[in-house]
Amino acid sequence: LVKLLDAGQSVCAIGVDTDHTTGPRDDRIPVTVEDPGSVEFLARRHDIPLIRLHGAWQLCADAITEYMPHVILVSCFARRLPDVVLSIPSMGCFNLHPSLLPAYRGPLPLFWQFRDGCREFGVTLHQMTSRLDAGDIVGQTRLAMPDGVSGGQASVLLAEAGGDLLVHTLGALRRGKAAAVSQDERAASYQGYPVPSDCAVSANWSARRLYNFVCATRGGGMRYPCDIGGRVYRLSDVVSWREAAATEPLISGNTVTIPCNPGYVVARVETD
């Protein structure tokens, strides 16, 4: 949104879902404190109408139609848009998805990319259809992730790249030079919400993969079961990784050295 506004794009309205909060509330004062980086703050600062998308979709569609948008852009929106909304803009609806589609369709692509040890990440802008994340691609950009990046840091890097991609592609759309490319269904993959067993890590992974997966997903009491020499340890965090070989696991206090394939990881383990 900031990239669009900085580029002088005309944002006629912003739609947010029903679970979107404006910021922390202090019960001692009857106001909501807005985060300066929030969508609501930006909407107020730039005098952009805010649409609360709740209730029947037809009512939401009526509210959106009043602004006669040429384009609808979607990012991190939890509800599936029905045809009554997809048909509103004259130039189409487009979704910004944090993976190199058609790979990693679904609601949490970052989790699965880190779990699979991806070295190349990216953002895709695609046309929205009744099938989630399956519409024609109109823009795509790739980037490498630094080792040890957190989930929040990864999201910021992808958002920055996605903002640049949006500005560039919107310009191409206006000039009629944005080519839409069908997704290759043979290369498509879909992953849903992870279950606890998806947090298990393996000493058969490379040290870099194990380290980066935990760094990107840790927090909120996450634990990562890992079988080391026939004993399952519940990792709570990682300290470091090295490419050099470690022949045997080493337990020292609440840390364990995990021989990987290749390299090794020093991790903290949950203690009784």
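The values are calculated or read from the model by the stated rules, or taken from the named source; none is laboratory data. Nothing here was measured: the structure is a model prediction, and the numbers come from that model. We place every Cβ from the backbone using ideal geometry, glycine too, and count neighbours over all the protein chains shown. Heads up: the accessible areas ignore ligands, DNA and RNA and are worked out on the full protein's heavy atoms, side chains in. Shrake-Rupley method; radii C 1.70, N 1.55, O 1.52, S 1.80 Å.
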Contour minus Cα-Cα distance for Val232 and Ser75 (0.36 nm per residue):
52.7 nm
With +1 on the Cβ of every Lys and Arg and -1 on the Cβ of every Asp and Glu, and nothing else charged, how large is the dipole of the chain about its Cα centre, in debye rounded to the nearest 20?
380 debye
Can you work out the accessible area per residue across the chain, with the rest of the protein chains kept in place, probe 1.4 Å, in square angstrom?
55 Å²
Could you list the square roots of 5 times each eigenvalue of the Cα gyration tensor of the chain, that is, the equivalent ellipsoid semi-axes, sorted largest first and rounded to whole Å?
40, 23, 16
Sites removed, the longest contiguous part of the chain containing no DSSP-loop GluC sites (Glu not before Pro) with at most 14 other Cβ within 10 Å is 67-242
Counting helices only, and only those DSSP H runs with n ≥ 4, report the 222 nm mean residue ellipticity of the chain as the sum of -39,500 (n - 2.57) divided by its residues, in deg cm²/dmol to the nearest 500.
-7000 deg cm²/dmol
Rank these residues by their accessible area, most exposed first, probe 1.4 Å: Met91, Met128, Met145.
Met91, Met128, Met145
FRET efficiency, Arg44 to Ser130 (Cβ-Cβ, R0 35 Å, nearest 0.05):
0.55
Using only the Cα atoms, what convex hull volume per residue in Å³ does the stretch 152-272 have?
162 Å³
Can you give the FRET efficiency to the nearest 0.05 for Asn254 and Met222, using r as the Cβ-Cβ distance and R₀ = 25 Å?
0.95
Give me the distance in nm between label points sitting 7 Å out from Cα along the Cα-to-Cβ direction at Val156 and Tyr67, one decimal.
2.7 nm
If R₀ is 22 angstrom, what is the calculated FRET efficiency for the pair Ser202 and Leu108, using the beta carbon separation as r and rounding to 0.05?
0.65
Run the paramagnetic zone check for Tyr193: 7 angstrom along Cα to Cβ, then residues of the stretch 77-117 with backbone nitrogen under 17 Å.
77-80, 106-112
Could you give the length gained on full extension between Asp35 and Asp164, defined as 0.36 nm per residue of separation minus the Cα-Cα distance, in nm?
44.1 nm
